[in-house]
Amino acid sequence: MAETLELDGLNELRAALLEERQTIVASVRKLRDTRRQKGTFVLGDGAAAGPRLVAVQHQIDVVESIIATLTQF
């Protein structure tokens, strides 16, 4: 029972992290589209989100690895 609760929690965490990743990507796209429409787009717009995106992806990888380990048994 505890393992099921742990797995459920990890799946919820994974879903939240995936949503966070989608939010970051969407905000960068919106920023770039807005800048293009205004004619103020500069190469590298949205680059500040890069480290956050990498960190979230790393967290997703770690959680998925833990889920895979727990479900092997």
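The values are calculated or read from the model by the stated rules, or taken from the named source; none is laboratory data. These numbers were taken from a predicted model, which means no experiment stands behind them. Neighbour counts are summed over all protein chains in view; Cβ atoms, including those assigned to glycine, are modelled from backbone coordinates with ideal geometry. Side chains are part of the model used for accessible areas, which takes the heavy atoms of the whole protein and leaves out ligands, DNA and RNA. Shrake-Rupley method; radii C 1.70, N 1.55, O 1.52, S 1.80 Å.
Among the candidates Val56, Val62, which residue alone is hydrophobic (A, V, I, L, M, F, W, C), open to solvent by less than 70 Å² (accessible area, probe 1.4 Å) and in contact (Cβ under 8 Å) with a residue 24 or more places away in the chain?
Details: Val62 fails: in contact (Cβ under 8 Å) with a residue 24 or more places away in the chain.
Just a single option satisfies the conditions, and that option is Val56.
Which residues, taken from the range 1-11, are exposed (fewer than 14 other Cβ atoms within 10 Å of the Cβ) and at pLDDT 90 or above?
Pass one, the range 1-11, residues exposed (fewer than 14 other Cβ atoms within 10 Å of the Cβ): 1-6, 8-9, 11.
Residues satisfying the conditions are Glu6, Asp8, Gly9, Asn11.
Answer with yes or no whether Thr23 is in contact (Cβ under 8 Å) with a residue 60 or more places away in the chain, assigned to a helix (DSSP H, G or I) and β-branched (Val, Ile, Thr). Walk me through it before giving the result.
On the way: in contact (Cβ under 8 Å) with a residue 60 or more places away in the chain: no; assigned to a helix (DSSP H, G or I): yes; β-branched (Val, Ile, Thr): yes.
Taking the combined requirement at face value, the residue does not satisfy it.
Looking for something aromatic (Phe, Trp, Tyr) and open to solvent by 80 Å² or more (accessible area, probe 1.4 Å) - is there at least one such residue anywhere in the range 65-73? Steps first, please.
To start, the set of residues in the range 65-73 that are aromatic (Phe, Trp, Tyr) comprises 73.
Filter again for open to solvent by 80 Å² or more (accessible area, probe 1.4 Å), leaving 73.
Checked the range 65-73: at least one residue is aromatic (Phe, Trp, Tyr) and open to solvent by 80 Å² or more (accessible area, probe 1.4 Å).
Determine whether Arg52 is at pLDDT 90 or above, touching a Leu at 6+ places or on another chain (Cβ under 9 Å) and in a helix (DSSP H, G or I).
When the stated conditions are applied, Arg52 does not pass them.
Looking at the range 38-48, is at least one residue among the β-branched types (Val, Ile, Thr) and in a helix (DSSP H, G or I)? Explain how you work it out, then say what you get.
Looking only at the range 38-48, we keep the residues that are among the β-branched types (Val, Ile, Thr), and these are 40, 42.
Of the ones still in play, those that are also in a helix (DSSP H, G or I) are none.
Taking every residue of the range 38-48 in turn, none turns out to be among the β-branched types (Val, Ile, Thr) and in a helix (DSSP H, G or I).
Filter the range 12-50 down to the residues that are under 30 Å from Gln72 (Cβ atoms) and either open to solvent by 70 Å² or more (accessible area, probe 1.4 Å) or among the hydroxyl-bearing types (Ser, Thr, Tyr) (or both), then identify the one that is nearest to the chain's Cα centre (by Cα). Quick ask: steps written out before the conclusion?
Our first condition is that a residue be under 30 Å from Gln72 (Cβ atoms); within the range 12-50, this holds for 12-22.
Subset that is either open to solvent by 70 Å² or more (accessible area, probe 1.4 Å) or among the hydroxyl-bearing types (Ser, Thr, Tyr) (or both): 12-14, 19, 21-22.
On the way: Glu12: 13, Leu13: 11, Arg14: 9, Glu19: 6, Arg21: 2, Gln22: 6 Å.
Restricting to residues being under 30 Å from Gln72 (Cβ atoms) and either open to solvent by 70 Å² or more (accessible area, probe 1.4 Å) or among the hydroxyl-bearing types (Ser, Thr, Tyr) (or both), the top hit is Arg21.
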